[in-house]
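This report concerns only the one structure given below.
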Amino acid sequence: MTKRVSRRDFLKLTAGATVVTGLAPSVRRMVLEPYVQPPEEVLPGEATWYASTCRLCPAGCGIIVRVINGRAKKIEGNPHHPLNQGKLCARGQAGLQILYNPDRLKNAVLQSGGRGSLKFEPLYWSEALDILVDKLETLSNPNRVAFLGGLMPSHLYKLTTRFLSSFGSSSPIIYDLHSALEGRNSTVQLSESLFGSPELPIYDLANAEVIFSFGANFLETWMSPVSQSHAFGTMRQGQLGGRGFLVHFEPRLSATAASADEWIPIKPGAEGYVALAIGRIILEERLGQASSHRPYSILYQNVDVQEMADASQIPVEVLHRFARIFADADQAIAIPGGGLAGQHNGGTSMLAVQALNLLSAQIGRVGGVFLSQPGPTAGFRQNPNPGSFENLSILIERMKSGEIDLLLIYGTNPVFELPTSAGFAEAIASVPYVISFSQFVDETAARADLILPDHTYLESWGYEVPAPGAAKPAVSSQQPVVRPLYDTRSTGDVLLAVAERLGGQVANALPWSDEVDFLQELATELHGSSLGAYDAKTPSSFWALWRQYGGWWTEKEIPREPDISTIVQEPIPVSEPVFDGEENSYPYHLHPYPSITLSDGRGANLPWLQGAPDPMTTVCWGTWVELNPETASSLGVSEDDVVRVISPHGELEAPVVIYPGIRPDVVAIPVGQGHEQFGRFAEQRGSNPIALVASITDPETGSLAWGATRVRIEPTGRKKSLARLESLAGEGRESIG
Amino acid sequence: MSESEVLAYPEDSSAAEFEDRLLLAERTSSEINQAVLQPMFRTSWKFWALVIFLSLLVLWGLFAWGYLIYWGMGTAGINRPVYWGFFIATFVFWVGISHAGTMISAVLRLLKADWRRPITRGAEAMTAFALMMAGLFPFIHLGRVWKFYWMLPYPNNRLMWPNFQSPLMWDMVAIFTYFIGSTLYLYLALIPDLAMARDHTGKWRQKLYRVLSLGWRGTEAEWHKLHRALSIFSVAIIPIFLSVHSIVSWDFAVTIQPRWHSTIFAPYFVVGAIYSGLAALACILVIVRKGMQLQEFLRSEHFDALGKLVLVAGMAWVYFWFAGFIVEWYGNEPVTRELIHEEVAGSLAPLFYLQMSANLIPIVMLIFKKVRTTPWLLLVATLLVNVGMFTERVLIVVGNLQRNFMPFNWGEYSPTWVEVSIVVMTFAGFALLYTIFSRIFPYVPVWEIKEGRLRYTVRRIGRLLVPTAAEIE
Amino acid sequence: MAEIEPRWVLIVDLDRCTGCQACVVACQAENNVPTVGEHETIEGRWLHWIHIERYWEGEYPNIKARFMPVMCQQCTAAPCEPVCPVFATYHTPEGLNAQIYNRCIGTRFCGSACPYKTRTYNWLRPEFPEPLHEQLNPDVTVRSRGLIEKCTFCVQRIRRIEIEAHAQGREPVDGEIQPACVQTCPPDALVFGDLNDPSSRVSQLATSHRSFKLLGELGTDPGVIYLKGGETNV
């Protein structure tokens, strides 16, 4: 697709270019100049656009930020960025409210009243660093420090890893709920075992004729929703004369399912059965391109279609129909999504779904499955792949048993994001010293002794390799678009300063004066690559263009076919899902799902996102419980009746939404609300269904089986109006008249 | 006195009854004067208690209004799509009430209905005060009331002009004209009585009446001019009277909101206004008669006649309501169907049946003379009418806004304390103004009664007593 | 200046729309739309210039949900325009249904008259707790309590590009002007352009057999054209 660079884009880019001499260095060096001598690109009332990277989810979309008189005013997608192509989701749009959030920490603070007291005493950064250095120096053993990370900028992950390894400690443990709900860890593991590459596959949705999505909410929060939605638009109406066909398998009719042509309310944990049955039918009936089947017949050796149909409660005829649809299409993709990963049999289900792509020979074909091509960006790819829940459980055990003396937490909020049954809250209490780098007092930061707030992403440096990537190898760069509002400090710089004070091999491992030095050194590695969309004469002008464009990417698409030569030919196991909670006393499956606006809860402190309604229920500002009309009437509850949802591990109360698109044996609750701490917009609002989840894991992948908990429901007899946009009296009807 | 006519008179009736009815009893003019003036001076503690109570209600309502202005319209129960609520419904109600005064004085004056005479003043005062209350609501419901003057066509350097396409501008013009017209009408008819009061009172009252009576001496020329002025006003105010409620109805009817967008709305509103206005007048007369001991002037024949008027207006209202309803019901258009369903069988059903029964039961009651002539029964019937008509206005404004073309954007409405306080404020304010008026100005138009006495005499023709009426206007 | 005034229209392709709410937040960010909070939303006083309606069809398990973004339809024969007593809403030569916040006195008549109910009202004082006020777009008036506001097709963005283009002695190129919702829409469900330009993308899409206007039978002639979902253009 050729793209005309409009005058507007050009203006944006010029504006970005002048950053070299303008605002950005002042951010870096903290030179305070009176505004009567403004930076040269700042004209009163004239907008300047800076390119950077969105950090509200791990996708890594490129953004441009409109800055007027030194204040960021609007975030838009970077039209040149190969991943999101100028588009942005609701969360990305709301990023300004992180920057301007009234509940941000304005400086480093010590929780002087004891943990949880929320009594904070401001600290000078030198004092704060003294404490950190002192805590590190007095450790009896470098392994008694642990670093727990979530959504981290890649450069910070690199710096942290370097810091910890030179200090003699183990690498950061990466875990966050958003990634867990996406099944990121399981997906990476699946790719590694199938294609020998621990990466997130790219599904070429734009060119697909048929898409079978198994629990992948790819139009909402799953993986890279903006680029996937963009591809979806093309799949729907962009193809010449064609219109792709989408079937979505999920126990609840999600927004992705609403956009699908068919929604199959599948029994939780039975997704794999359907995929296996479809594969078996294709094989048995030699549907589609039968020549490509031969190498995979062994995979389906153990599969009996009738058994699968019984287990999944989907009639054989329907399975046959799907098999034919899938096999007859020229380009058909099956996507194993987050919902599968959240089951006890997640690993095998995902394998069964991915195997359909093998069977239909869609690996590495247009409209099929790809991996992102690193090209010259290989050196950048040390992305923090989220670790499994099992890894984290080991840390929790260590914390409980007193093996950790110092816990550093960046970009994750485990107290909120982990099931209560995981025991993180108790574990953190037994760690002698906890330091958080959070910009907000969230549940975890409230349990920290010291908070060293990082800048928000609009004030800081960094880069990110989009994962799953775009068709073009790409790195998104991040730069400050405004001077930091408060006396916060970049965590990268904090680590560098600490390394310098610690001296010795740590200082040698981190020789940079600040993170920008490090980034500049890293970025200019790409200087001189002939593949780039732009090139520069000197490294310093490359560095300018790198920030001006918001990253680096190749001019042309470079697809990368996954290597399937190493696939082990053995039958796919049929594994039965296991659920926590007796079926008799806990008759319903709990189906927590990430909110399209609040994601895993990290958006809950942004009023724009709180006020943006859930697309399906149109509810905002709260938590609700979705019940099938049949279930609701059997419980004797109606809209807005408050019910108590009880699992073996906890309970919550929330009003009911009668939801016609959910299985009668499933109860869905959105994730994201229920914060105890996290600023005025998030606090004391709704409930967190993750608290109810049992800490059972998928034995294959070690991922948290967050969808494998059963619950029971008790009416409370109370009513609470939900903030819905939709009129209940309208009964979901279209315009009349 | 021009031509005289002879009324046929039933033989079995006694002349005494007839005399009584025409106020021809042994009363001198000055006795009549005193009978009207005395109640004005009698102010018991009950009166002051009433004034204080009403004032408190008004003050509380003013506070609520201040609260509404300070915090915004969100303190009221209105929302999207029910952009208009109690305020507009009450506005329509008060404009409706105001119609009775003109109906009684202008229309009945033109029709030479003599029974109107003792009640014209009360009716005209009701018009003026009801319009004052109605006129508050366009301000109250403005989101930015401090910018109300932008609705006035005043010259300004930005050449900005109000939009005369908007029914709100028509409203403003019509109500303003009607208010000026009806106030002048009230005042003109007051002049001779003010002069009479001037001649029979002292102190501050005399000073007030002297100024207000404009030096009236009661000369033939003055009478002649007064009669001419009143005749002109009577004719001129009738189109205004018809236009005001028509225009109020067009606030709704010019939109494309189903059930508002109706050609019958204007006459339907006018008839409804007359119905509720006359009923309100009957209510007030019953109460004032009791409060000011005006049994001598406000007699059962007045109530009887008024009751008949209410009855006729009520039946006309039913006709117009039915004509509108059945067409829409049979039309069965989707939104209209929803609206009718909501009214007849949905959440608005209690209001709808309250409205229908409160409007229909009085019609049945008023068929009986016993009801029309028994003050408390009449009070019950006419109060019911007003409950019914208020409910009807709420149903028209709120009920029809709750449902629209987009079921996603349907809504519900319930008033808040702010709205209730302000609505109560206007009722209290009306009562307060009326109460004070009745103590300052002669409630019964003395000159009209005297004129009526002049018009009627009983002549003896042979052995027969024959009542005669003269054309004097 | 062009000889023919442009006629700005917005195409909403319902087959592409995924209901993701990106347009909703983008609009709020661009146009200084206040956040009203939970209580006001319960009271039916939510404030979004664009909202996505969701329609249910059928019953479980054969149920379908569809999304429909609804914003001010910028009607040519707008029922809201004649009823405003102070000309706070009027029609521009470019076919926009303009709302002049400074002039609005808050009668809400336009809201009652609008059949789409897309006019929103500032029921209470809008609040931007410091420093959230820094996010406010200086190109757009910040509205006080007591006045109506609604989608303007991001008129400030139209003007920005027009002024830029005219300064360079040219007309804006098709697709150059993008309201905030169009700019951000991930599946490209929204397309903005000039219907008077026969070669523009909107002109081509508007001729699709999928195109329809919301409540077209009312004769308001909206400037928003929907494309029916579930079908191809061919």
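The values are calculated or read from the model by the stated rules, or taken from the named source; none is laboratory data. Since the structure is predicted, the reported quantities are computational estimates derived from the model, not experimental observations. Heads up, the Cβs are rebuilt from the backbone with ideal geometry, glycines too, and the neighbour counts pull from every protein chain shown.
Is it fair to say C:Asn31 is surrounded by 24 or more Cβ atoms within 10 Å (Cβ to Cβ), away from chain B (no Cβ under 13 Å) and modelled with pLDDT of 95 or more? Full working, then the answer.
Working: surrounded by 24 or more Cβ atoms within 10 Å (Cβ to Cβ): yes; away from chain B (no Cβ under 13 Å): yes; modelled with pLDDT of 95 or more: yes.
Yes.
Kindly indicate whether any position in the stretch B:103-121 is away from chain C (no Cβ under 14 Å), more than 22 Å from B:Ile237 (Cβ to Cβ), under 14 Å from the mean Cα position of the chain (by Cα) and buried (at least 24 other Cβ atoms within 10 Å of the Cβ).
Among the residues of the stretch B:103-121, not one is away from chain C (no Cβ under 14 Å), more than 22 Å from B:Ile237 (Cβ to Cβ), under 14 Å from the mean Cα position of the chain (by Cα) and buried (at least 24 other Cβ atoms within 10 Å of the Cβ), which makes the answer no.
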Given (1) touching a strand residue (DSSP E or B) at 6+ places or on another chain (Cβ under 6 Å); (2) surrounded by 19 or more Cβ atoms within 10 Å (Cβ to Cβ), A:Glu390 misses just (2)
Selection within the stretch C:145-182 - within 14 Å of chain B (Cβ to nearest Cβ) and without any contact (Cβ under 8 Å) to a residue 24 or more places away in the chain:
C:Arg145
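Residue-wise test of (1) free of Cβ contacts under 8 Å to residues at least 24 places away in the same chain; (2) within 21 Å of A:His675 (Cα to Cα); (3) among the charged types (D, E, K, R); (4) in a strand (DSSP E or B).
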| position | (1), (2), (3), (4) |
| --- | --- |
| A:Ala427 | no, yes, no, no |
| A:Asp442 | no, yes, yes, no |
| A:Pro453 | no, yes, no, no |
| A:Lys472 | no, no, yes, no |
| A:Ser477 | no, no, no, yes |
| A:Val481 | no, no, no, no |
| A:Arg489 | no, no, yes, no |
All but one of (1) more than 14 Å from chain C (Cβ to nearest Cβ); (2) crowded, with 20+ Cβ neighbours inside 10 Å; (3) among the charged types (D, E, K, R) hold for A:Glu76, so report the exception by its number.
(1)
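With the requirement that a residue be on the phi < 0 side of the Ramachandran plot and either in contact (Cβ under 8 Å) with a residue 40 or more places away in the chain or touching a Phe, Trp or Tyr at 6+ places or on another chain (Cβ under 7 Å) (or both), what does the stretch A:286-306 give you? Quick ask: steps written out before the conclusion?
Residues of the stretch A:286-306 that are on the phi < 0 side of the Ramachandran plot, as a first pass: A:287, A:289-306.
If the condition is that a residue be on the phi < 0 side of the Ramachandran plot and either in contact (Cβ under 8 Å) with a residue 40 or more places away in the chain or touching a Phe, Trp or Tyr at 6+ places or on another chain (Cβ under 7 Å) (or both), then A:Leu287, A:Gln289, A:Ser292, A:His293, A:Pro295, A:Tyr296, A:Ile298, A:Leu299, A:Tyr300, A:Gln301, A:Asn302, A:Val303 are the ones that fit.
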For the stretch B:209-229 the number of residues that are of a type outside the set (Ser, Thr, Tyr), touching a helix residue (DSSP H, G or I) at 6+ places or on another chain (Cβ under 6 Å) and part of a helix (DSSP H, G or I) is 3
Elements of type strands (runs of 3 or more DSSP E) in the stretch A:616-731, at least 2 residues being in the same structural domain as A:Arg447 (by TED's automatic domain parsing) and basic (Lys, Arg)
none
Which condition does C:Glu53 not pass, out of (1) more than 30 Å from B:Tyr149 (Cβ to Cβ); (2) touching a strand residue (DSSP E or B) at 6+ places or on another chain (Cβ under 6 Å); (3) of a type in the set (Asp, Glu); (4) part of a loop (DSSP other than H, G, I, E, B), if it passes all the others?
(4)
State all residues of the stretch B:230-254 that are within 14 Å of another protein chain (Cβ to nearest Cβ), among the hydrophobic types (A, V, I, L, M, F, W, C) and assigned to a helix (DSSP H, G or I); if no residue qualifies, say none.
B:Ile247, B:Val248, B:Trp250, B:Phe252, B:Ala253
Quick one: B:Gln206 ticks every box in (1) under 19 Å from B:Asn33 (Cβ atoms); (2) not in a helix (DSSP H, G or I) except a single one, so which number is it?
(2)
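Can we say C:His39 is within 14 Å of chain B (Cβ to nearest Cβ), under 18 Å from B:Gly411 (Cβ atoms) and buried (at least 24 other Cβ atoms within 10 Å of the Cβ)? Lay out the reasoning, then the answer.
Values: within 14 Å of chain B (Cβ to nearest Cβ): yes; under 18 Å from B:Gly411 (Cβ atoms): yes; buried (at least 24 other Cβ atoms within 10 Å of the Cβ): no.
Spelling it out, it is not the case that C:His39 is within 14 Å of chain B (Cβ to nearest Cβ), under 18 Å from B:Gly411 (Cβ atoms) and buried (at least 24 other Cβ atoms within 10 Å of the Cβ).
If you scan the stretch B:175-203, which residues turn out to be within 14 Å of chain C (Cβ to nearest Cβ) and either part of a loop (DSSP other than H, G, I, E, B) or buried (at least 21 other Cβ atoms within 10 Å of the Cβ) (or both)? Even if it seems obvious, please write down each step before you answer.
Taking the stretch B:175-203 and keeping what is within 14 Å of chain C (Cβ to nearest Cβ), we get B:175-176.
Answer for the stretch B:175-203, where residues must be within 14 Å of chain C (Cβ to nearest Cβ) and either part of a loop (DSSP other than H, G, I, E, B) or buried (at least 21 other Cβ atoms within 10 Å of the Cβ) (or both): just B:Ile175.
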Sort through B:Leu378, B:Leu401, B:Leu395 and tell me the only one that's out of contact with any strand residue (DSSP E or B) (no Cβ under 8 Å at 6 or more places or on another chain), within 14 Å of chain A (Cβ to nearest Cβ) and outside any loop (DSSP other than H, G, I, E, B).
B:Leu401
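Would you say C:Leu195 is within 8 Å of another protein chain (Cβ to nearest Cβ) and either over 25 Å from C:Ala29 (Cβ atoms) or small (Gly, Ala, Ser) (or both)? Working first, answer last.
Values: within 8 Å of another protein chain (Cβ to nearest Cβ): no; either over 25 Å from C:Ala29 (Cβ atoms) or small (Gly, Ala, Ser) (or both): yes.
When the stated conditions are applied, C:Leu195 does not pass them.
If you check C:Arg108, C:Arg103, which single one turns out to be of a type in the set (Lys, Arg) and either under 30 Å from A:Ile68 (Cα atoms) or over 19 Å from the mean Cα position of the chain (by Cα) (or both)?
Details: C:Arg108 fails: either under 30 Å from A:Ile68 (Cα atoms) or over 19 Å from the mean Cα position of the chain (by Cα) (or both).
Checking each option against the conditions leaves just C:Arg103.
Yes/no per residue for (1) more than 14 Å from chain C (Cβ to nearest Cβ); (2) acidic (Asp, Glu); (3) crowded, with 23+ Cβ neighbours inside 10 Å:
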{"site": "B:Phe53", "(1), (2), (3)": "yes, no, no"}
{"site": "B:Trp65", "(1), (2), (3)": "no, no, no"}
{"site": "B:Ala89", "(1), (2), (3)": "no, no, yes"}
{"site": "B:Phe93", "(1), (2), (3)": "yes, no, yes"}
{"site": "B:Leu131", "(1), (2), (3)": "yes, no, yes"}
Can you find a residue in the stretch B:408-427 that is in contact with a helix residue (DSSP H, G or I) (Cβ under 8 Å, 6 or more places away or on another chain), part of a helix (DSSP H, G or I) and within 14 Å of chain A (Cβ to nearest Cβ)?
yes
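Going through C:Ala78, C:Ala29 one at a time, which residue ends up being part of a loop (DSSP other than H, G, I, E, B) and aliphatic (A, V, I, L, M)? Let's see the steps before the verdict.
Details: C:Ala29 fails: part of a loop (DSSP other than H, G, I, E, B).
Testing whether each residue is part of a loop (DSSP other than H, G, I, E, B) and aliphatic (A, V, I, L, M) leaves just C:Ala78.
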Looking at (1) hydrophobic (A, V, I, L, M, F, W, C); (2) in contact (Cβ under 8 Å) with a residue 60 or more places away in the chain; (3) within 30 Å of A:Leu496 (Cβ to Cβ), can you tell me which one A:Leu181 breaks?
(3)
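Can you go through B:Met126, B:Met169 and tell me which one is within 23 Å of the chain's Cα centre (by Cα), within 12 Å of chain C (Cβ to nearest Cβ) and of a type in the set (A, V, I, L, M)? Talk me through it step by step, then tell me what you get.
Numbers: B:Met126 fails: within 12 Å of chain C (Cβ to nearest Cβ).
Unique residue meeting the criteria: B:Met169.
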A:Gly702 being more than 25 Å from A:Trp608 (Cβ to Cβ) and within 14 Å of another protein chain (Cβ to nearest Cβ):
no
